[in-house]
1. Please report, to two decimal places, log10 I(q)/I(0) for the chain at q = 0.09 Å⁻¹ as given by the Debye formula with identical point scatterers on the Cα atoms and no solvent.
2. How large is the helix-only mean residue ellipticity at 222 nm for the chain, computed as the sum of -39500 (n - 2.57) over DSSP H runs with n ≥ 4, divided by its residue count, in deg cm²/dmol to the nearest 500?
3. GNM, the chain, Cα, under 10 Å: largest mean-square fluctuation among L379, L18, L353?
4. How long are the semi-axes of the equivalent ellipsoid of the stretch 265-391, defined as square roots of 5 times the Cα gyration tensor eigenvalues? Whole Å, largest first.
5. Kindly identify the stretch 116-196 as rounded, prolate or oblate by the Cα gyration tensor criterion: order the square roots of the eigenvalues as a ≥ b ≥ c, call it rounded if a/c is under 1.5, otherwise compare a/b with b/c, prolate if a/b is larger, else oblate.
6. Take the Cα radius of gyration of the stretch 1-146 and divide it by 2.2 N^0.38 Å, with N its residue count; two decimals is plenty.
7. Please compute the net charge surrounding M1, taking Lys and Arg as +1 and Asp and Glu as -1 over other residues with Cβ under 15 Å from its Cβ.
8. Hey, in the GNM for the chain with a 10 angstrom Cα cutoff, which one of L121, L299, L196 fluctuates hardest?
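Values quoted throughout were computed directly from the atomic coordinates according to the rules given, and no laboratory measurement underlies them. Keep in mind the model is a prediction, meaning the values are calculated, not measured. In this analysis, Cβ positions are derived from the backbone assuming ideal geometry, glycine residues included, and neighbour counts consider all displayed protein chains.
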Amino acid sequence: MMMTQTMRWFGPADPVALADIRQAGATEVVTALHEVPNGAVWSQEAIAARKAQIQEAGLGWTVVESLPVHEGIKTRTAAWDQLIDAYRQSLRNLAACGITVVTYNFMPLLDWTRTDLAWPLPSGARALRFDPIMVAAYDLHILRRPGARADYDPAVCDAADRALHAMDEAARFRLERTIIAGLPGSEEHFTSSEFLRCIETYAHVGASQLRANHVSFLEAVCPEADALGIRLVVHPDDPPFPIFGLPRVVSTEADVSDLFARVPNASNGLCFCTGSFGVRADNDLPGMVERLGERIGFLHLRSVQREPDGAFHEAEHLEGDADMPAVVAAVYALQQREGRSIPMRPDHGHQMLDDLNKHTNPGYSLLGRMRGLAELRGLERGIAQAARTFA
Ligand code: CS2
Ligand code: MN
């Protein structure tokens, strides 16, 4: 049993074509009906049509990323019942089309967050980077969130003040767009004043309330998913800590273990993203694969390089802080133990080579992901061969 190699595809508007993904060596894509508004039902016809298009290109589609969870479910507001019904109906429609894994996240308002989308590496390739000082500079001076200063160390506030003053108008605008305009796949797109208003909807939703709302969501949808044979896999917080005063509750091994203990249904699963969990040195990635293995339905394999003072950038897939050989060895053992192939994707990649001259979705240009996929494929083959040779 080897991993099922996939790449994310953003649908017909993606500058990366299905034919490119096939040549990169993936056998499946993971995708979503990005054109359907968050909270609306994905119709069986629309799912089937997208699947037919993918199959015509010689690829499969069994993993959805993502079926978004509406803010009304995360904050548990009035339309909750209706939103839950819609979610269940979409699950039924997806199951009818052969989808077996559905990814979602439970991050308030923002999906993944970075402060630089084209950070130059020594090689000339470009990476995504996160710098807490830039987050603070935006929060304190551009967003001007009331009470924000109390959320940061005084030293970070000083550095943020200095960073902001060194930026011209264009740099400030770029920082604002980078943080809140929505990275690829994000469901929400804000201006700063809208973002500020939305943050207020979380005034009474702290971490423990958000956890409770997550549990209520799973209790409402997992029985349906169990019956349909769908694994609902939660993507961890990226980055894995609270941001802009908003709680984040899927950041550590303890967070997800607690979730599985509270909602033991078989469909309650994990999208194991080594890039997201790996920002925290206290997340033991290979150990998490060993301990949480049976819950893992989907793998995002990439590595981050932690920098001083809480910054990090996305490293090459086999470099950086993630011990990728140990992670893939643990995944290999898990697959043999359980007799199943786990879908994986290289998650993000560097912008490199010819992609430097193209308009690309940040993190989702083709060549960097193709390189990552190739390295990961080789790593798994080597591990399999070693297991046979030294058995
Ligand atoms: C993805 C996330 O690009 C990424 O970092 O891993 O956007 C992921 O698709 C969502 O959080 C899952 O709901
Ligand atoms: Mn991921």
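1. Summing over Cα pairs of the chain leads to -0.51.
2. Working: 14 runs with 162 residues, N = 391.
Estimated from H runs of four or more residues: -12500 deg cm²/dmol.
3. L353
4. Working: eigenvalues 127, 63, 43 Å².
Calculated on Cα positions only, the semi-axes equal 25, 18, 15 Å.
5. Details: a/c = 1.86, a/b = 1.20, b/c = 1.55.
It comes out oblate by the Cα gyration axes.
6. Details: Rg = 18.6 Å, N = 146, 2.2 N^0.38 = 14.6 Å.
Normalised Rg, Cα atoms only: 1.27.
7. Values: positive: R337, R340, R377, R381, R388; negative: E294, E338, E380.
Net local charge, M1 excluded: +2.
8. Of the options given, L121 has the highest mean-square fluctuation.
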